[in-house]
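I have placed the structure first, in the form of structure tokens, so that the comments after it can refer back to it.
Quick note: the coordinates plus some simple rules give every number you see, no bench work behind them. None of these values were measured; they are calculated from a predicted model. Here the Cβ positions follow ideal geometry from the backbone for every residue, glycine too, while neighbour counts run over all protein chains shown.
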Amino acid sequence: MARGFLLSFRNPRTFAGVREALLRAIELDQRNAEAHHQYGMALLWLGRDSAAAAMYRRALALEPERPITLFNLGRVAWRQTRYAEARRWADSALSIDPGADYAYVLRAVSQLRLGNPAEARADAETAARLRAGFRVPGEAVLALVDLQAADTPAARTRIKGLEREIGSAGHPTITDAAWVGRALVALGESDRALELLERVRPRGARLWFYLRAPEFDAIRPNARFGKLVAESAPE
């Protein structure tokens, strides 16, 4: 399982050897929920959403109270525009782990898509307040809520703060760049979004997964964005 995980970073576009290693892990320990989950993650990054969901369900059959797996089933639903279902998966994850910041972000963007900005703001504020791995996405969702409320100055201030924060880190993480990039596109700052995304390393399936988000539809015809997609798409 560790070999499969490491190979996904050594071969970020092809995932060469990843599926074989994870399938071997499952063969060696068929009741290992984490091995099933990690294989699901590999499938998710490669764009095989339905197959990924099937692996997550196998992981939950072995170990029902896995908030990260419930969250990822919500990601699949959200990607397929089933926002109410995504919210339910986030609810399930949070019922097990009320501190799961990533689940608050998923529920926030689901609420935003379902036309519930107050609920979206509350969840995004909670994610940001937890100050764990998903603080930046939480703040980015708050900027999207501000923009939906026509409070452009508040959104602009929030996004500038995020740009400064992740800019100080050199190469931004894929997750942070993707979320701040979404907010910049919504703000109408396409060039700044592209400059941020172009700094992400490595290019590969993980970045490609995020570039499929509907918030990037406004810049999908842009040649620079197309180049990013082409350089990240799984081979």
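A compact table of results
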quantity: Search result, residues across the stretch 213-224 that are closer than 14 Å to residue 179 by Cβ and not in a helix (DSSP H, G or I); calculated: 213
quantity: Spans of helices (runs of 4 or more DSSP H) in the stretch 110-211 with at least 3 residues surrounded by fewer than 14 Cβ atoms within 10 Å (Cβ to Cβ) and not polar (S, T, N, Q); calculated: 152-167
quantity: Every residue from the stretch 225-234 that is in contact with a helix residue (DSSP H, G or I) (Cβ under 9 Å, 6 or more places away or on another chain) and either assigned to a loop (DSSP other than H, G, I, E, B) or hydrophobic (A, V, I, L, M, F, W, C) (or both); calculated: 225, 228, 229, 233, 234
quantity: Selection count where residues are assigned to a helix (DSSP H, G or I), in contact with a Ser or Thr (Cβ under 9 Å, 6 or more places away or on another chain) and among the aromatic types (Phe, Trp, Tyr), scope the stretch 7-63; calculated: 2
quantity: Top-ranked residue in the stretch 64-80 [being in contact (Cβ under 8 Å) with a residue 24 or more places away in the chain and outside any helix (DSSP H, G or I); ranked as farthest from residue 13 (Cα to Cα)]; calculated: 65
